[in-house]
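Novice: Below: one structure in structure tokens.
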Amino acid sequence: MNKRNILLCLFVAGMVGIISGCSKNVSELSPQLKTHQRVAVAPFLTDKTSKGMERRFAIDLATRLSLAAKENEWIYDQSATLNPLSVALTELDQVETIEKTNASGESEVIKVPTIKAAFEAAADKDSEDATLAAAVGEKVGADLILIGSIEKLKIDEEMDSRPAFDMSNQAGISGTTRFVLVYQWAEVDMQVIAVDVKTKEIVWNNKGLKGYVKYCREFQTQDPAKEYSRVSEEQIRADLRQHMVSRLGNQMMGDLVRGRDIPDYLMKPSRRLIRAGGEVRLK
């Protein structure tokens with residue numbers, strides 16, 4: 001075999017290796033759902049910024065996926081009493097100790113179930129050990145289990161004080177047609193891994209996904225509401241959950257779940273605003 005043929009063979013072998021190595025990172029999860037009937041969605045791992053979203057997001061995601069893939073059976077924690085994943089994690093001693101304030105205002109230490117160890121082992125690039133995740137899935141009788149993390153949630157805002165004018169108003173340039181813009185936005189990082197319970201292997205990994213929602217409101221320059229009237233953090237978190245549910249759903253089942261834009265503008269000025277340079281363009 002000459003040198004050229006040897007190099008060609010090496011190239012082909014390398015490409016085969018790349019393709020086979022990427023098999024767990026398929027563009028969609030749909031093929032796996034066709035061969036795995038019962039799918040569990042575990043509470044997500046959160047950090048300090050996203051605390052409180054672990055169960056709510058899992059519920060939102062499982063609900064959305066169940067509507068898209070009705071032929072599958074979806075297993076997830078639906079309430080404080082109907083919580084098979086939390087029960088399984090507790091039975092496997094996958095708990096963390098936290099301090100919280102009870103109804104009497106006193107501090108108490110409690111243990112809560114967590115997917116932390118299972119997710120970190122599976123997400124480790126060196127080991128990709130999905131044994132523990134598979135054990136959780138086995139406990140609830142699943143064929144496939146989805147585990148994930150939500151982290152680096154950031155909520156911020158900015159006031160653009162450069163005057164913009166509503167030229168559709170017959171008053172012309174005046175205090176009633178002069179506006180400033182207030183921007184609010186939120187972003188978050190998320191990763192989801194799917195594990196085959198029987199083989200204990202990772203069959204899908206989205207390798208991370210960033211969510212980004214944005215709001216822009218106009219206020220008359222003399223309106224005091226511009227200083228305190230904002231979209232609430234609670235509403236932003238809820239909007240961000242729905243944004244990420246759609247984006248993840250689209251990654252998993254592109255033909256069944258519609259995605260979202262980046263950034264996803266959820267609120268825009270209700271009027272056409274003009275500056276010296278022309279019509280206002282949102283950031």
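Just so you know, all these numbers are worked out from the coordinates, no wet-lab data involved. What you are looking at is a predicted structure, and each value in this text was computed from that prediction instead of being measured. In this analysis, Cβ positions are derived from the backbone assuming ideal geometry, glycine residues included, and neighbour counts consider all displayed protein chains.
Novice: Could you put Ile274, Ile75 in order, starting from the residue whose Cβ has the fewest other Cβ atoms within 10 Å?
Specialist: Ile274, Ile75
Novice: Moving on to the next point. Find the centroid of the Cα atoms in segment 115-151 and in segment 88-110, then give the distance between the two in whole Å.
Specialist: Between the Cα centres of segment 115-151 and segment 88-110 lies a distance of 22 Å.
Novice: For a quick check: sort Arg275, Arg217, Arg247, Arg38 by the number of other beta carbons within 10 angstrom, fewest at the front.
Specialist: If I rank by nearby Cβ atoms, fewest first, I get Arg275, Arg38, Arg217, Arg247.
Novice: How large is the dipole of the chain about the Cα centre if only Lys and Arg carry +1 and Asp and Glu carry -1, each at its Cβ, rounded to the nearest 20 debye?
Specialist: Computed charge dipole of the chain: roughly 1180 debye.
Novice: Now a separate question. What is the spin-label model distance, in nm, from Thr49 to Met167 if the labels are put 7 Å beyond Cα along the C-beta direction?
Specialist: Simple spin-label model gives 4.0 nm for this pair.
Novice: Here is a follow-up. Cut-off is 10 Å between beta-carbons; in what order do Glu201, Glu108 appear when sorted fewest neighbours first?
Specialist: Lowest to highest Cβ neighbour count: Glu108, Glu201.
Novice: Now, a different point. In segment 27-185, what percentage of the DSSP-assigned beta bridges are antiparallel, given to the nearest 5?
Specialist: The antiparallel proportion sits near 65 percent.
Novice: Now for a different question. With a/c under 1.5 counting as rounded, go ahead and sort segment 27-144 into rounded, prolate or oblate using the C-alpha gyration tensor (a ≥ b ≥ c being the square roots of the eigenvalues; past the cut-off, prolate if a/b is larger than b/c, else oblate).
Specialist: Because a/c hits 1.5 or more and a/b exceeds b/c, segment 27-144 counts as prolate.
Novice: Next question, about the same structure. Test of understanding: in a Gaussian network model of the chain with alpha carbons linked when under 10 Å, which of Ile110, Ile155, Ile145 would top the mean-square fluctuation ranking?
Specialist: Its mean-square fluctuation being the largest, the pick is Ile110.
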